[in-house]
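What follows is one structure encoded as structure tokens, with my remarks underneath.
The values are calculated or read from the model by the stated rules, or taken from the named source; none is laboratory data. This structure is a prediction, so every number in the text was calculated from the model and none was measured. Every residue, glycine among them, receives a Cβ derived from its backbone with ideal geometry; neighbour counts consider all protein chains shown. Protein only, heavy atoms only, side chains kept; ligands, DNA and RNA dropped before computing areas. Shrake-Rupley method; radii C 1.70, N 1.55, O 1.52, S 1.80 Å.
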Amino acid sequence: MNQARILVVEDEAVVARDIALQLTMLGYAPVGHATRGEQAIALALELHPDLVLMDIQLGGAMDGIAAAEIVREKTMIPVVFLTAYASDDTLERAKKVHPYGYVLKPFSERELRTVLEMALYKCTAERQLQEAALHTQAILNNVADGVITINDQGVMETVNQAACAIFGYRLTEMLGKNVSMLMPQPDQDRHDGYLAHYRDTGEARVIGMARDVLGQRKDGSPFPMTLSLSRTQRAGRNIFIGSIRDNTQQQHYLQELDRHRHHLEELVNVRTAELTVARQQADAANQAKGTFVAHMSHEIRTPMNAILGFTHLLQSDEPTPAQRLSLGKIERAGQHMLAVINEVLDFTKLEANAVVLESMDFHLPSLLRDVLSLVSATAQDKGLRVEVLPGNAPDWLRGDPTRLRQALLNYVSNAVKFTDQGGVTVRVTCPAPQDSPSAEGALMVRFEVTDTGIGIAGEKLEQLFKPFEQANASTTRQYGGTGLGLAITSRLAHRMGGDAGLHSEPCVGSTFWFSACLLPGQAQAQSASLSVEESIQALRLRYPGALVLLVDDDPFNREVGMELLQAAGLRVDTAADGFDAVCQAQVTLYDLVFMDVQMPVVNGLEATQRIRALPGWGQVPILALTANAFAQDRQMCLEAGMNELLVKPINPKKLYAAILAWLSLSETTIAGNK
């Protein structure tokens with residue numbers, strides 16, 4: 001418990017020391033001693049004590065009463081007077097200062113403690129009442145309708161700003177005045193009679209009702225308003241609360257409607273047509289935005305596929321150390337650009353409410369290992385410790401692991417980016433089922449990422465989850481980023497039935513968290529993920545010479561794709577468009593087809609439909625290669641007869657994994673092609 005800080009004002013040094021000793025023994029903290037009124041004022045302004053213990057009779061030109069008056073005016077610090085004797089005139093002067101108590105000399109410790117405790121309690125209570133009153137007045141001032149309270153004599157005791165604006169008065173012109181001044185005749189003369197009738201009979205004819213009446217502004221002009229009255233009691237007195245809504249504008253609208261009633265149908269039709277056009281324009285704008293983003297994604301991903309593909313091939317061709325370093329920089333730059341594209345696409349999908357969540361069982365520890373593995377190299381380069389702390393979440397959960405991984409990776413990668421020393425910790429917790437507010441059987445799982453990085457100032461926290469926002473402009477210049485990662489995580493969390501937030505302190509670190517409503521999962525058999533080299537060896541061993549048709553209109557992408565496929569021991573034919581692919585499919589039954597979607601002459605969707613109609617092609621795997629990453633693109637590919645969709649730029653690991661999976665389903669065809 002904090003000790004109350006007390007300033008002692010006493011012109012006798014011995015008495016002052018004795019008082020300070022008693023205060024200390026009673027558990028208070030004497031913070032200063034003044035012997036004159038002027039000194040007491042200066043110390044009160046400097047030290048801001050919780051209470052001033054003031055002797056009335058002080059030496060000098062200013063006595064304790066005068067000093068206390070100035071202290072109260074400037075600081076509102078409570079004052080308790082010390083006095084051995086005072087005349088009636090002195091006591092009358094002291095009362096006007098509104099002291100919080102008197103201590104008569106000589107006094108016992110008990111008397112001193114009692115007066116001080118009562119004074120401190122009274123001061124605290126008054127401050128709380130004042131804060132409550134200010135809080136109530138602030139609420140009233142933010143109410144759009146006017147609110148006025150009156151006593152049973154009709155005198156206004158509380159008026160909010162809206163009421164002042166409605167009637168045209170200043171607050172001081174209304175408080176303490178009879179409310180009848182706000183009424184036109186004859187209501188003005190009748191009002192006091194209504195109140196007297198209520199006091200005499202208790203009959204309330206209008207309490208609890210809303211009535212349309214006339215009010216009168218300061219300039220004398222009447223206006224229509226809706227008045228709602230209610231009654232309450234305070235300290236045994238009746239208090240009437242009136243809520244006033246100015247209907248001037250509403251009446252104007254009604255008159256306008258009345259004047260145009262003969263043209264109502266025409267007006268509605270015109271407005272409907274305007275709204276239809278506006279909606280069409282908005283839909284067209286949204287469609288144009290989506291089309292533009294998809295087009296830009298396609299135009300960037302297509303050459304990016306060649307850049308990253310050739311980089312991978314060069315890295316596999318035993319480069320010199322200097323070349324390997326340069327190739328690594330090219331790959332990181334390409335992956336960074338790809339991450340930017342993905343963030344823009346994901347945000348566009350979330351804005352359009354086009355993200356469809358999956359529901360599948362997944363292994364939480366594996367998901368956490370995957371996320372940490374993606375940042376481990378960067379963390380090691382910076383000398384950071386990255387770890388998962390034990391939590392109480394179950395190992396197996398059911399939900400969308402892809403979106404959870406994305407949301408968590410945004411947090412972890414940011415933590416590593418903005419931390420130069422120390423470490424990053426990840427914790428996943430789950431409340432007990434009875435404490436979880438989610439649906440029956442579901443768990444509200446909380447993911448937390450804590451770092452020892454630069455931290456964020458309090459005034460910047462609210463804006464961080466807004467799109468394209470970072471703590472300040474220099475952050476973008478120093479650390480990079482689109483400002484979309486946190487916005488995406490927040491929106492994903494809300495889509496998964498949870499929330500997102502953070503706690504941060506500059507120069508100490510931050511804790512970012514999000515929650516998701518997940519179901520308990522069922523354990524599944526886990527297959528080990530093969531590396532690129534292991535996948536190549538598996539393909540060479542199991543499907544040597546398998547025949548693949550690669551269809552892509554971009555010559556660089558055909559070259560990259562051919563080398564990746566041939567590196568795995570596959571035979572490759574190529575086609576530059578869908579028409580060429582159909583022609584080759586008519587004469588050769590391939591083991592597997594990679595089909596670009598957007599191509600001249602005949603696109604990949606139409607080419608797939610034509611090929612599926614050929615004899616023997618019903619079960620041959622056809623995998624889409626596309627730079628479009630929207631859900632509708634995947635759906636169109638599946639509806640056209642394709643088996644799977646791979647998004648450019650192609651990841652060699654995912655490419656080989658897909659080939660292994662689909663060739664295992666067409667081994668009969670492979671045997672016929674050997």
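Per residue, region 558-610 exposes an accessible area of 39 Å² to a 1.4 Å probe, with every protein chain left in place.
Among the GluC sites (Glu not before Pro) in region 191-281, those located in a DSSP loop and surrounded by at most 13 other Cβ atoms within 10 Å of their own Cβ are 203. Atom-type composition of the exposed protein surface of region 156-220 places 51 percent of the accessible area on carbon and sulfur (1.4 angstrom probe).
The accessible-area ordering, largest first, of the residues 121, 253, 169 stands as 121, 253, 169, per a 1.4 angstrom probe. Close amide H contacts of residue 207 (hydrogens built in the peptide plane, cut-off under 5 Å, sequence separation of 5 or more or a different chain): none are found. Between amide H atoms placed 1.01 Å from N, distances below 5 Å from residue 519 occur with 398, 443, all of them 5 or more places distant or on a separate chain. Taking a ≥ b ≥ c as the square roots of the Cα gyration tensor eigenvalues, with a/c under 1.5 meaning rounded and otherwise prolate when a/b beats b/c, else oblate, which class fits region 1-154? Note, shape of region 1-154 comes out prolate. Contact order, relative form, for region 551-664: 22 percent (alpha carbon pairs under 8 Å, 6 or more residues apart, mean separation divided by residue count).
Out of all Cα-Cα pairs in region 577-669, roughly what percent, to the nearest whole number, are more than 19 Å apart? Here the tail beyond 19 Å accounts for 37 percent of pairs.
Under a 1.4 Å probe, what is the accessible area of region 105-210 per residue, stated in Å²? With the other protein chains kept in place, region 105-210 gives 61 Å² per residue. Once backbone amide H atoms are built at 1.01 Å from N, residue 624 has 595, 643, 644, 645, 646 as its partners under 5 Å, excluding neighbours fewer than 5 places away on the same chain. Average accessible surface for region 3-69: 43 Å² per residue, computed with a 1.4 Å probe over protein heavy atoms with every protein chain in place.
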